[in-house]
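Have a look at the structure that comes next, please.
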Amino acid sequence: MTDRITIRRPDDWHVHFRDGAMMAACAPHTARVFARAIAMPNLVPPVLTARDAAAYRDRLRAAAPGLEPLMTCYLTDETDPDDVEAGFRDGIFAALKLYPAHATTNAAAGVTDLRRIGRVLERAERIGLPLSMHGEEVDPDIDIFDREAVFVDRRLGPLTRSFPGLKMILEHLTTVVAVEFVRATFPQVAGTITAHHLEVTRTDMLGHGMRPDLYCMPVAKTERDRRAVRAAAVSGEPCYFLGSDSAPHPLAKKRAVPAAAGIFTAPNALEIYATVFDEEGALDRLEAFASLNGARHYGREPNEGTVTLERQPWTVPPETPVAGPEERIPNYRGGETLPWRVVG
Ligand code: NCD
Ligand code: ZN
């Protein structure tokens, strides 16, 4: 039995750091383990321009020394292709981020119609800037459990044909359909996988009393879907890589009606991934998933340093404290014991 594993320092290709006191509380948890992290732009107000992104990058660097934040541009109907290109050439933007309007937390200003961002996508395709996306259909006639599959069919398929040179990332895969689409369309489209979607089904969320702590977008799906997502992650195939979608919310907002969507996994994400890879007998593929595949898809070198995990049970603190009025964030699997721990 393997009790210790050392991998190249990993990256997290999808993180919500928020801003202000929340950022100060959350960002060091990501910096503890990950070298680089894609910083999601759905702040209030969102990160819309290269200038917004540069300022946010500087705040993140101050909050989490040692972490290299990779910035994204929150696409709206009004995004300016010239600003996007300037931001890319200045090394500020690492990706565009598409939120279909109202798809998730702080997505109200997102894109109302993909035709409105045609010029931006054309430019991104030309200059080699990747498009990362929250792949859920927002047509109100579509059932919440079908949103991802319908987006893939109705939006993403056509998008890959309209912009064949545009590199894309379908974020937080939750369904058999999405897993298979990514495998079939790679290397154009790759997919990120969260820690929680490797563990949680909709039955966990709704079947034994309603669990807002397990509520996020896209919502967890069936056991069959979970198995497909798990098999994809532990396959080590280059089209799948780590993106935790760590999304902190204050406890009061997670408990409110309606409850906020998002699960905070930064304090234990890598440990959860390691646990799952271990359960699947695939620890030897953790490095590809966590440290190599994402960098390659984003056109970057893997990191130089390493991270070591040991089989050494530890208990996840229930909450992460936040200075000021936001007070505390519930941690994913807070209070539970995990078998793997980062030791260096
Ligand atoms: C994210 C958030 O809270 O910002 N929430 C979530 O449920 N994952 C937004 C997102 O990535 O969908
Ligand atoms: Zn997210």
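The values are calculated or read from the model by the stated rules, or taken from the named source; none is laboratory data. If you're wondering where the values come from, they're calculated on a predicted model, not measured in any experiment. Neighbour counts are summed over all protein chains in view; Cβ atoms, including those assigned to glycine, are modelled from backbone coordinates with ideal geometry. When the accessible area is computed, the model is the full protein with side chains, heavy atoms only, and any ligands, DNA or RNA have been set aside. Shrake-Rupley method; radii C 1.70, N 1.55, O 1.52, S 1.80 Å.
Where the second residue is of a type in the set (S, T, N, Q) and within 10 Å of ligand 2 (Cβ to nearest atom) and the first is touching a residue at least 60 places away in the same chain (Cβ under 8 Å) and closer than 11 Å to TYR74 by Cα and lies in the range 99-111, which pairs have Cβ atoms under 8 Å and are six or more apart or on separate chains?
Note: pairs meeting the criteria are ASN106/ASN42; ALA107/ASN42.
Shifting gears a bit: Any residue in the range 232-243 that is over 18 Å from VAL179 (Cβ atoms) and more than 16 Å from the chain's Cα centre (by Cα)?
Checked against the condition, which is being over 18 Å from VAL179 (Cβ atoms) and more than 16 Å from the chain's Cα centre (by Cα), the range 232-243 yields no hits at all.
Looking at the range 128-231, what helices (runs of 4 or more DSSP H) fall wholly within it and have at least 1 residues that are within 19 Å of LEU98 (Cβ to Cβ), modelled with pLDDT of 95 or more and open to solvent by 10 Å² or more (accessible area, probe 1.4 Å)?
So the answer is 147-151, 157-162, 176-185.
Ok, one more. Cβ-Cβ distance below 6 Å, separation of 6 or more or different chains: which pairs start in the range 246-268 with a residue that is within 15 Å of ARG18 (Cα to Cα) and end on one that is among the acidic types (Asp, Glu) and buried (at least 18 other Cβ atoms within 10 Å of the Cβ)?
Close Cβ pairs (under 6 Å, with a partner that is among the acidic types (Asp, Glu) and buried (at least 18 other Cβ atoms within 10 Å of the Cβ)) amount to PRO250/GLU326.
In contact with a His (Cβ under 7 Å, 6 or more places away or on another chain), over 27 Å from LEU129 (Cα atoms) and away from ligand 2 (no atom under 16 Å from the Cβ): does that describe PRO250?
no
So which of ASP278, ASP245, ASP284 is surrounded by 24 or more Cβ atoms within 10 Å (Cβ to Cβ) and charged (D, E, K, R)?
ASP245
Moving on. Taking the options ARG18, ARG57, ARG32, name whichever one is more than 24 Å from GLY236 (Cα to Cα), more than 16 Å from ligand 1 (Cβ to nearest atom) and among the charged types (D, E, K, R).
ARG57
List the pairs whose first member sits in the range 12-35 and is open to solvent by less than 10 Å² (accessible area, probe 1.4 Å), whose second member is within 13 Å of ligand 2 (Cβ to nearest atom) and of a type in the set (Phe, Trp, Tyr), and whose Cβ atoms are under 7 Å apart, counting only residues at least 6 apart or on separate chains?
These pairs meet every condition: CYS26/PHE17; ALA27/PHE17.
Return yes when LEU309 is outside any helix (DSSP H, G or I), modelled with pLDDT of 95 or more, more than 20 Å from the chain's Cα centre (by Cα) and over 25 Å from HIS249 (Cβ atoms) and no when it is not.
Answer is yes for this residue.
Sticking with this structure for a sec: Test ASP90 against the criterion of being surrounded by fewer than 16 Cβ atoms within 10 Å (Cβ to Cβ), of a type in the set (D, E, K, R) and touching a residue at least 40 places away in the same chain (Cβ under 8 Å), and give yes or no.
Taking the combined requirement at face value, the residue satisfies it.
Being β-branched (Val, Ile, Thr), open to solvent by less than 60 Å² (accessible area, probe 1.4 Å) and farther than 20 Å from SER132 by Cα narrows it down to one residue among ILE272, ILE263; which is it?
Step by step, each of ILE272, ILE263 is checked, and only ILE272 is β-branched (Val, Ile, Thr), open to solvent by less than 60 Å² (accessible area, probe 1.4 Å) and farther than 20 Å from SER132 by Cα.
Moving to a separate point now. Within the set of pairs 6 or more residues apart or between chains, which connect a residue that is touching a residue at least 40 places away in the same chain (Cβ under 8 Å) inside the range 127-147 to a residue that is open to solvent by 20 Å² or more (accessible area, probe 1.4 Å) and in a loop (DSSP other than H, G, I, E, B) with Cβ atoms less than 6 Å apart?
Final answer for the pair search is PRO130/LYS167; HIS134/THR104.
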